[in-house]
Amino acid sequence: LSTTDFSVDREAASPSTFPFGIGGDADTIWHCDLLARKVYELSTTDFSIDREAASPSTYALGIGGDASTIWHCDATADKIYELSTTDFSIDREAASPGAFPNGIGGDASTIWHCDRDTEKIYELSTTDFSIDREAASPDTTPYGIGGDADTIWHCDSTADKIYELDAAALLPSYTYARLIGTVVTPYSLKVRHTGTVTYHKLVRLDGIIRPPYSLKTRLVGIVRSPYSGFVRLLGVV
């Protein structure tokens, strides 16, 4: 696809009937198919199969990386993998952050990941696959993700949209903030740790229902974003 307007530059039939994950870089294409239960390297010229192997488990949904690295996720195993670029065997693995890991991508120094169950976008540690940062996904069914250290490409099957996301907008595990109230976090909440909280659905703040809105914040304390769906709001300036 075009990086300018997401229009189709080239296309070809996929190797099998349920293509789910794709990633790589300008010189490499990694791909996985759910029904075939396979991982492929495809030709960047005509998208034909260069190499293939069985996927590590039975629900191969996401794949990405670059010429020297393959990141992969499987929703039956609920695992994140680093696969060998030589034979697609498992180099490393760990439990995924959520119960339905759908998409994964990045490069040798970055892992972007999305999960349909948690409806979140993550940056994972390349060392142990733990969560470095996270944010709510733009819509309710995040399916694919990729990019590099500076860029995130993402798609959602409910919205039927392709997105470029702001890599700086993912919320660190701990953020400095002044606690002023409790917010019920909507699925589409986006938090920019640069000092803006943007709501894209109605939320309850200090007992008042707020419409979609942006709030400026002053970062002065520590707050934790638990998985329960409730967060403390950053202090409003």
For this session: Starting from the Cα of ALA149, step 7 Å toward the Cβ, then list every residue of the stretch 73-107 with an amide N under 20 Å from that point.
Result: 105-107
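Gain in length, SER130 to THR86, computed as 0.36 nm per residue apart minus the alpha-carbon separation, to one decimal in nm? List each step's numbers first, then the result.
Values: separation 44, 0.36 × 44 = 15.84 nm, distance 2.51 nm.
This chain segment gains 13.3 nm when fully extended.
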For this session: For ALA159, put the label point 7 Å out on the Cα→Cβ axis and report which residues of the stretch 2-28 keep their amide N under 19 Å from it.
Result: 2-8, 22
Problem set entry | Spatial extent of the stretch 90-168: Rg and Dmax, with the Cα atoms as the point set, Å | 11.6, 35
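Since every read-out is calculated from the coordinates, none of them should be taken as a lab result. Everything numeric in this text was worked out from a predicted model, so none of it was measured. Quick reminder, even Gly has a Cβ in these numbers, built from the backbone with ideal geometry, and neighbours come from all protein chains shown.
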